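No value in this document is a laboratory result; all are computed from the given coordinates. It should be emphasised that the depicted structure is a prediction, and the values quoted were computed from it without experimental measurement. Positions of Cβ are generated from backbone atoms using ideal geometry, with glycine treated the same way; all protein chains shown enter the neighbour counts.
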Amino acid sequence: MTTGTSQGIEQRRVLRTEIPGPRSRELHARKVAAVASGVGTTLPAYVVRAGGGIVVDVDDNHLIDFGSGIAVTNVGNSAPRVVDAVRAQVEDFTHTCFMITPYEGYVAVAERLNQLTPGDFEKRTALFNSGAEAVENAVKIARHHTGRSAVVAFDHAYHGRTNLTMALTAKNMPYKQGFGPFAGEVYRVPMAYPYRWPSGSATCADEAFEAFTTTVRVQVGSDNVAAVIVEPIQGEGGFIVPAPGFLQRVADWCTAEGILLIADEIQTGFCRTGDWFASTHEGFVPDLITTAKGIAGGLPLAAVTGRAELMDSVHVGGLGGTYGGNPIACAAALAAIDTMQADDLCGTARRIESIMRPRLAALAAKYDQVGEVRGRGAMLAIEFAEPNSALASAVSAACHRTGLITLTAGTFGNVLRFLPPLVIGQDLLTEGLDILDAAFEEVL
């Protein structure tokens, strides 16, 4: 984790213009004129190259990346193994549709996921295009297998932007406003959110579990529930780490009630939290697991992996899609997984945490406005005590102006979240944290 080059990109911050620069502003004017206004942009610095922990814009500014395209480029942008694999696959063929004439890459990705995901039972995998599509199909599989229709999701959850996944998602703005009515038979229960639990963190796990089981039994009926879906660390909700033991109790209760547990590991998966999947930290094994984002080094791919008897219960033709498991994305995924294993990116995520967490804790100690530092591995966050977005937005904007890509999150928009590429150099990581310190000093 030292300064050098990655894919020919020098691993240091360089600011040649203001951010965004003149060429980026020109492109943004074109974007406003051509792209639907509902497609937002966090930082309108238009990218031409990226690698390691650096993103280069059209004005030749080199920005430090603490976002990874929302936990996608875990292996870095343009990772060498991924580039080589994609190039070779493009030269062979780009598409046939696996449901028409299949190919080995799809099968190989399924084999790797069956082996890597939690659980020592026999598994099957189906591939799709996006996280939301994976979640939709996990719900389909659960409903088909159980013969039940209800699905239970949690407060602060985010599962996607399609009609069903918007119903599963808790936050209204910007994800749901004006887009209803939403899919039915979706029910919401409290999340064990220690920082904001009304009676305090000490009682959070017990009280949240009691509220969860009572809500399901009284309002839904346990025997009507096909699945409970949960993010082991909630992503868009603010990197909420559930109270210790809560998810294990949920898993045990679901098993006793004949309810399937779906782990949405779309943001937490593939070494991001210091293990291959965040479910492992929580000590439970899901019946079905959805993955995407970090799976393929930036190419669009998603998956549902689960117990063989569940996955195989769906009739032939019931799962699939024209582009699901595209051969180029499959080649990228195999190369990305090879990179994660060869370079021990789980260990790297833990080392990133060992550097970042003390610096974030120092900010919490210095500024009363900081309510909590939390997360695991290279998935860390600061929540501001005030439940509004003003401070998080201001600090993030200050970071952007000085060349650090940061993201916000949280039900109230009051969380700064940090998702550096797992291949970022230590010098860049430290410089990014220095920029964050300066942004806090400027704003607070």
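Using a Cα-Cα cut-off of under 18 Å, which aspartates and glutamates could be cross-linked to LYS176, ignoring same-chain neighbours fewer than 8 residues away? Those aspartates and glutamates meeting the cut-off are GLU133, GLU136, ASP155, GLU185, GLU236.
Charges on Cβ only, +1 for Lys and Arg, -1 for Asp and Glu, centred on the Cα centroid of segment 81-342; of ALA150, PRO181, ALA192, which one is farthest towards the dipole's positive end? Ranked along the dipole, the leading option is PRO181.
Sequence-ordered 3J(HN,Hα) estimates for segment 277-283 from the Karplus curve with 6.51, -1.76 and 1.60 and θ = phi - 60° stand at 9, 6, 4, 4, 4, 8, x Hz, glycine and proline given as x. Remark: segment 356-370, residue by residue, has Karplus-estimated 3J(HN,Hα) of 6, 4, x, 5, 5, 5, 5, 5, 5, 5, 7, 10, 5, 5, 7 Hz, where x stands for each Gly or Pro and the curve is 6.51 cos²θ - 1.76 cosθ + 1.60 at θ = phi - 60°. Cut-off 10 angstrom, C-alpha nodes, Gaussian network model of the chain. Which of LEU319, LEU301, LEU288 fluctuates the most? With Cα springs under 10 Å in the chain, the top fluctuation among LEU319, LEU301, LEU288 is at LEU319. Across segment 42-185, Cα pairs under 8 Å and at least six residues apart give a relative contact order of 11 percent. Here the relative contact order of segment 81-342, from alpha carbon pairs under 8 Å that lie six or more residues apart, stands at 31 percent. Per-residue 3J(HN,Hα) values for segment 22-39, derived from phi via the Karplus relation 6.51 cos²θ - 1.76 cosθ + 1.60 with θ = phi - 60°, read x, 5, 4, 5, 4, 5, 5, 4, 5, 4, 4, 7, 10, 9, 3, 5, x, 8 Hz in sequence order (x marks Gly and Pro). Considering only VAL58, VAL186, VAL32, the Gaussian network model of the chain with Cα springs below 10 Å gives its largest mean-square fluctuation to VAL32. Beta-bridge orientation, segment 81-342: approximately 45 percent antiparallel, per DSSP, counting only bridges with both partners inside. Take each peptide in 324-331, 168-175, 414-421, 139-146, count the other Cβ atoms within 10 Å of every residue, and average; sorted highest first, the result is 414-421, 324-331, 139-146, 168-175. Given axes a ≥ b ≥ c from the Cα gyration tensor, I'd like to know whether segment 152-192 is rounded (a/c under 1.5), prolate (a/b larger than b/c) or oblate. In terms of gyration-tensor shape, oblate. With contacts taken as Cα pairs under 8 Å and at least 6 residues apart, the chain reaches a relative contact order of 23 percent. Once amide H atoms are built 1.01 Å from N in the peptide plane, which residues 5 or more positions from ARG188, or in another chain, come under 5 Å H to H? Here ALA153 satisfy the definition.
An ellipsoid equivalent to the chain, defined through the eigenvalues of its Cα gyration tensor, has semi-axes of 33, 28, 20 Å when rounded to whole angstrom and sorted largest first.
Simple point charges give the picture: +1 on the Cβ of Lys and Arg, -1 on the Cβ of Asp and Glu, and for the chain a dipole about the Cα centre of about 720 debye. Ranking PHE440, THR273, GLN219 by Cα position along the charge dipole of the chain, where only Lys, Arg, Asp and Glu carry charges on their C-beta atoms, puts PHE440 farthest toward the positive end. Summarising the amide proton neighbourhood of THR408: residues at separation of 5 or more, or on other chains, whose placed amide H is nearer than 5 Å comprise ARG417. For the chain, the residue among SER393, PRO118, VAL90 whose Cα projects farthest onto the positive side of the dipole built from Cβ charges is SER393. GNM remark for the chain: springs join alpha carbons under 10 Å apart, and the peak mean-square fluctuation among GLU386, GLU257, GLU91 falls on GLU91.
Rounded to whole Å, give me the distance from the Cα center of segment 305-348 to that of segment 383-410. Each part's Cα centre sits 34 Å from the other's.
With a cut-off of 13 Å between beta carbons, the residues surrounding THR146 carry a summed charge of -1, where Lys and Arg count +1 and Asp and Glu -1.
Between amide H atoms placed 1.01 Å from N, distances below 5 Å from TRP276 occur with CYS271, all of them 5 or more places distant or on a separate chain.
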